[in-house]
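Just so you know, all these numbers are worked out from the coordinates, no wet-lab data involved. Worth saying up front: this structure is predicted, and the values here are computed from it rather than measured. Ideal geometry is used to build each Cβ from the backbone, glycine not excepted, and the neighbour counts take in all protein chains shown.
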Number of protein chains: 2
Amino acid sequence: MDTVLIIGYIAGALTTISFIPQVVKAWKMKETRDLSLAMLVLFAIGVLLWTLYGIWAGSLPVIAANVITFVLILVLLFLKLQYK
Amino acid sequence: MDTVLIIGYIAGALTTISFIPQVVKAWKMKETRDLSLAMLVLFAIGVLLWTLYGIWAGSLPVIAANVITFVLILVLLFLKLQYK
């Protein structure tokens, strides 16, 4: 695997994994007041489009990262609507 | 410009723009307690690597989106450390 792809996978892993501590924090604290609902909605739509872009551009790191990020953002959206 | 690139730019615009309401909210409320510091740090590093990936892969949407996102995340990190 070439260096570019490896950097892409590490980048994707980091931006994806980054939402895990946020999900854990929101889940544990049952507090999401400081999270912007607009951010979560725009980000979710954007991540869906990134997935489409990744599929069409044939970029596996982009696809993998964005599918998982989408799921984590959906969980955050759920928690945001749950704990207003 | 072909459809794939357009989708990429819209995706990049959305995931980038999404941080603006979050920055505005943190700025106005002076409250960042519910934001995860780990998320911001991991996301910032990830976005930097995405920029490198975009440069090497020759993907303009990836480069443009991630450079601007990086700046917005830096502002959020600053606000997070300011308003603990």
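Miscellaneous remarks
- Exclusive hit being among the β-branched types (Val, Ile, Thr), within 14 Å of B:Thr15 (Cα to Cα) and facing another protein chain (nearest Cβ under 7 Å), set A:Ile17, A:Ile45, A:Ile73, A:Ile7: A:Ile45
- Residue list for region B:18-34, filter: touching a helix residue (DSSP H, G or I) at 6+ places or on another chain (Cβ under 6 Å) and not hydroxyl-bearing (Ser, Thr, Tyr): B:Phe19, B:Pro21, B:Gln22, B:Val23, B:Ala26
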